[in-house]
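Heads up, the thing below is written out as structure tokens.
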Amino acid sequence: MNKNEVMAELSQTIKTVFDNESISVSEKTTAEEVDEWDSLTHLELIDQIEKKFKVKFALGELMKLQNVGQMADLVLKKLPR
């Protein structure tokens with residue numbers, strides 16, 4: 001799986017969690033740019049990402065993320081080679 005594939009999956013997951021197909025997701029997308037993105041939906045999103053990619057994140061890893069592109073990089077790092 002490459003970064004573009006991960007980004008496509010993340011984009012669809014974000015749209016599903018927020019129940020909003022019109023959300024525009026790019027590598028630079030941040031939580032502040034999505035109106036519905038609060039702490040509760042953030043937890044749901046992380047849970048769905050972990051399930052979709054079959055990975056687990058440490059809290060410290062998540063705290064460092066600033067945008068969706070960094071999330072994609074972290075997912076790629078955790079995927080089996």
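Derivation of every value follows stated rules applied to the coordinates shown; laboratory data play no part. From a predicted model like this one, the values you see are computed outputs, not experimental measurements. Cβ placement follows ideal geometry from the backbone for every residue including glycine, while neighbour counts extend to all protein chains displayed.
For the reader, a short list of remarks on this structure follows.
- Number of residues in the stretch 9-40 that are assigned to a loop (DSSP other than H, G, I, E, B) and either touching a residue at least 60 places away in the same chain (Cβ under 8 Å) or over 17 Å from Asp73 (Cβ atoms) (or both): the value is 12.
- The stretch 41-81 - residue that is touching a residue at least 60 places away in the same chain (Cβ under 8 Å) and more than 15 Å from Lys15 (Cα to Cα) and, of those, surrounded by the fewest Cβ atoms within 10 Å (Cβ to Cβ): Leu79
- Considering residues of the stretch 6-40 that are surrounded by fewer than 16 Cβ atoms within 10 Å (Cβ to Cβ) and of a type in the set (Ser, Thr, Tyr) only, the residue nearest to Arg81 (Cα to Cα): Ser26
- Residues located in the stretch 58-81, provided they are among the β-branched types (Val, Ile, Thr) and either within 20 Å of Glu33 (Cα to Cα) or not in a helix (DSSP H, G or I) (or both): Val68
- Sole exception among (1) in a helix (DSSP H, G or I); (2) within 14 Å of Val6 (Cα to Cα) for Val55, by number: (1)
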